[in-house]
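Worksheet: the structure to be examined is printed underneath.
The values are calculated or read from the model by the stated rules, or taken from the named source; none is laboratory data. Note that this is a predicted model, so its numbers are computed, not measured. Ideal geometry is used to build each Cβ from the backbone, glycine not excepted, and the neighbour counts take in all protein chains shown. Ligands, DNA and RNA are stripped out before the accessible areas are found, and what is left, the full protein with its side chains, is counted by its heavy atoms. Shrake-Rupley method; radii C 1.70, N 1.55, O 1.52, S 1.80 Å.
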Amino acid sequence: QVQLVESGGGLVQPGGSLRLSCAASGSIFSIANMGWYRRAPGKQRELVATISSGGSTNYADSVKGRFTISRDNAKNTVFLQMNSLKPEDTAVYYCNGDIILYSGGGYRRNDAWGQGTQVTVSS
């Protein structure tokens, strides 16, 4: 079993900043890509940013230059620093991890998701 727990969401004014965290726990052997996705009201879930185990990053065009994804491999944690927030960034943000678990004497791959954390950007 694996669990991803997000924290750091909340209400912020336009132009403000928030830092999201997501910690993975369980019988983890390794974690490949980790990422953040979001779902705004009435819209489909979309990719925000991803980061590989080696630190290579990828961002949605809408957040480039404003958001920064990072990770602490020793703590199985991924972060999303969000600056210059806009009302259109309002969404539930979900953490995702491509995780290899110890399982029954071997290994099992798990596409794991957190429960989501609400980010609201409003004056």
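Scanning the stretch 97-115 for residues that are under 23 Å from residue 48 (Cα atoms) and open to solvent by 20 Å² or more (accessible area, probe 1.4 Å) yields a total of 7.
Whether any residue in the stretch 13-20 is open to solvent by less than 50 Å² (accessible area, probe 1.4 Å), among the hydroxyl-bearing types (Ser, Thr, Tyr) and touching a residue at least 24 places away in the same chain (Cβ under 8 Å) is what I want to check. Taking every residue of the stretch 13-20 in turn, none turns out to be open to solvent by less than 50 Å² (accessible area, probe 1.4 Å), among the hydroxyl-bearing types (Ser, Thr, Tyr) and touching a residue at least 24 places away in the same chain (Cβ under 8 Å). Restricting the search to strands (runs of 3 or more DSSP E) fully inside the stretch 2-77 and requiring at least 3 residues that are of a type outside the set (Ser, Thr, Tyr) gives 2-7, 10-12, 18-26, 28-39, 46-51, 67-72. For the stretch 79-96, residues that are closer than 19 Å to residue 51 by Cα and either open to solvent by 90 Å² or more (accessible area, probe 1.4 Å) or in a strand (DSSP E or B) (or both) total 8. When the stretch 62-95 is filtered for residues that are acidic (Asp, Glu) and either farther than 12 Å from residue 22 by Cα or at pLDDT below 95 (or both), the ones remaining, listed by number, are 88, 89. Among the conditions (1) open to solvent by 50 Å² or more (accessible area, probe 1.4 Å); (2) at pLDDT 95 or above; (3) farther than 18 Å from residue 121 by Cα, the only one that residue 39 does not satisfy is (3).
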